[in-house]
Each structure stands twice: as structure tokens, then as C-alpha cells.
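One structure is given below, encoded as C-alpha cells.
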Amino acid sequence: MEMQNATIALAALGHTTRLAIFRLLVEAGRDGRMAGDIAEALALPGATASFHFKELSAAGLIQGESRGRFICYTANFDAMNGLIEFLTRNCCGNDASQCVPAICPPAQAKPVKRKGAVAQ
């Protein structure tokens, strides 16, 4: 991915609703989700959802497939990975020893100690 495509993709994801749609589709995996299910999950009117699907499709981040009268959307994982690669290209001046892992595991929650709590 190059600067122009990255700019378009980031602009599309820069809207809260489109980012929420994209995250739902990433969670759904290669099976995708039906347009109506996405709209319902995010409490979006159909016309609003359609507008956002169009913007994400134009950015190359999702694709739709007709299933009868309905459309199933899937995330374009190649585009997503291309965007991540673009953003991290030449990370730390190409010195891998200086980089943190690309995907960090979530921090382990530490137990909260409360005043007066009895240790078990």
C-alpha cells in the first residue's frame, strides 16, 4: 500500500461509525455479516448504513456480495494488513531490536487491594 491508498483508507476509518462497522466485520472473519445485521447491531437506519458501506467499499476496506435480495459484507483482510504494513514500514529505523512486538498481548489485570479487605 502506498501513501494515496493509505490516506483514503485512514480517512474512511476516521469516522466512528465506519470504524465500528469495520471492527464488526473483522470480528466476523471471512464469513462476514449481512448488511441488515450490521445496521441492527449498531442501531443505524438503513440509508445511513448504506452510505457508510459505500465509503468503506470505495476505500477498498470491505466488499459486498449479493445473497438473494440481501448483501453480505466482509472485511478486506489484504487491505487491512497492507495498511498495517504501511504504517509500520521502516519501524525504528529498520532496527528490529528496538521495536516492540507488532501485536501486544493485553496487560494482565492486577488485583485491586481495598482498604480493610481480608486476604484469602
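Looking only at residues in the range 73-120 that are among the β-branched types (Val, Ile, Thr) and at pLDDT 70 or above, which one is farthest from the chain's Cα centre (by Cα)? Please lay out each step first, then the result.
Step one: of the range 73-120, the residues among the β-branched types (Val, Ile, Thr) are 74, 84, 88, 100, 103, 112, 118.
Retained after the next criterion (residues that are at pLDDT 70 or above): 74, 84, 88.
On the way: THR74: 11, ILE84: 11, THR88: 16 Å.
Out of the qualifying residues, it is THR88.
May I ask you to list the residues in the range 1-19 that are outside any helix (DSSP H, G or I) and without any contact (Cβ under 8 Å) to a residue 24 or more places away in the chain? Steps first, please.
From the range 1-19, those outside any helix (DSSP H, G or I) are 1-2, 14-15; that's our starting set.
Once the filter is applied, which keeps residues that are outside any helix (DSSP H, G or I) and without any contact (Cβ under 8 Å) to a residue 24 or more places away in the chain, the range 1-19 yields only GLY14.
Are any residues in the range 20-74 assigned to a loop (DSSP other than H, G, I, E, B) and of a type in the set (A, V, I, L, M), and if so, which ones? Write out each step before concluding.
Of all residues in the range 20-74, those assigned to a loop (DSSP other than H, G, I, E, B) come to 32, 42-45, 59-61, 68-69.
Within the range 20-74, LEU42, ALA43, LEU44, ALA59, LEU61 meet the criteria.
Which members of the range 75-99 meet the condition of being within 24 Å of ALA41 (Cβ to Cβ) and assigned to a helix (DSSP H, G or I)? Give the derivation first.
Keep residues of the range 75-99 that are within 24 Å of ALA41 (Cβ to Cβ), which gives 75-77, 79-80, 83.
PHE77, ALA79, MET80, LEU83 - these are the residues of the range 75-99 that are within 24 Å of ALA41 (Cβ to Cβ) and assigned to a helix (DSSP H, G or I).
The values are calculated or read from the model by the stated rules, or taken from the named source; none is laboratory data. No experiment lies behind these values; they were computed from the predicted model shown. As a convention, Cβ positions derive from the backbone with ideal geometry for all residues, glycine included, and neighbour counts pool all protein chains shown.
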